[in-house]
Amino acid sequence: MKLRILIADDHELVRRGLFTLLQSHEGWEVCGEATDGRTAVAMARELKPDIAIVDIGMPGLNGLAVTRQLVQQDPFCKIVVLTITDSDQVVREALEAGARGFVLKSDAARDLVTAVEALQRNGTFFTPKVREMVLAGFLDRGKNSGNMPPRLPRLTPREREVVQLLAEGKSAKEVAAVLNLSTKTAETHRSNIMRKLGFHSIRDLVVYAVKNNIIQVQIASDLSPSGEDPAA
């Protein structure tokens, strides 16, 4: 029985490259390709992949939110997160979301097959930096908590969805359409979020979304014409 893999990445060239890399492996089958987070969740519900390769910076619903939903939807589905950075905050949120693998996009050609093989054996795969952080008890929030700056109030999953859509430039009416809400409910969510975070403008919300990896700023030179990350 073949290992079923779902790919979720909004860059077509990257997605095609991942497909070729994974589909050519004996015993593996790419059962679906999603171009955004919401499609990824819907496809996973229908196709029930064994492993999902999830880009962290997708529009509409980012990879962290997708990971949380996939794990909740199917605890047996293992997630590999693809990201352009292994910053402390990204690592923490990916692990807390339930990712079993963590691969830098710049290293995907070298590491992704190894990561999938590890998850296929019910293991994990992390970059050396992430492994060091885990071994050092990085997720132990009790350590050095007195030295940590105060955090803003935690948003609910629904509020994070609304923040991402607003930060991507959608109006309350458009948010309502995407999330299948009434416009009034979407406006209420927006007001509650702004009040909870103490913000007074959408600009503040955009900055918050970028700093907290709810959206990622895409740089035009991220991908070379061949579809490869120039840092690879």
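The values are calculated or read from the model by the stated rules, or taken from the named source; none is laboratory data. A quick note: this is a predicted structure, and the numbers were derived from the prediction, not measured. As a convention, Cβ positions derive from the backbone with ideal geometry for all residues, glycine included, and neighbour counts pool all protein chains shown.
Things worth noting here:
- Scan the stretch 41-70 for residues that are modelled with pLDDT of 95 or more and among the small types (Gly, Ala, Ser) and the total you get is 3.
- Pair list, Cβ < 7 Å and 6+ apart or interchain, from the stretch 71-83 residues that are in the same structural domain as residue 9 (by TED's automatic domain parsing) and modelled with pLDDT of 90 or more to residues that are assigned to a helix (DSSP H, G or I) and among the polar types (S, T, N, Q): 79/67; 81/67
- Residue within the stretch 92-105 that is in contact with a Lys or Arg (Cβ under 7 Å, 6 or more places away or on another chain), closer than 30 Å to residue 172 by Cβ and either not assigned by TED's automatic domain parsing to the domain that holds residue 31 or not basic (Lys, Arg) (or both) present: yes
- Answer residue from the stretch 52-89, given it is small (Gly, Ala, Ser) and within 27 Å of residue 132 (Cβ to Cβ) and is nearest to the chain's Cα centre (by Cα) among those: 63
- Candidate set from the stretch 39-54 (those that are of a type outside the set (A, V, I, L, M, F, W, C) and in contact (Cβ under 8 Å) with a residue 40 or more places away in the chain); member that is surrounded by the fewest Cβ atoms within 10 Å (Cβ to Cβ): 48
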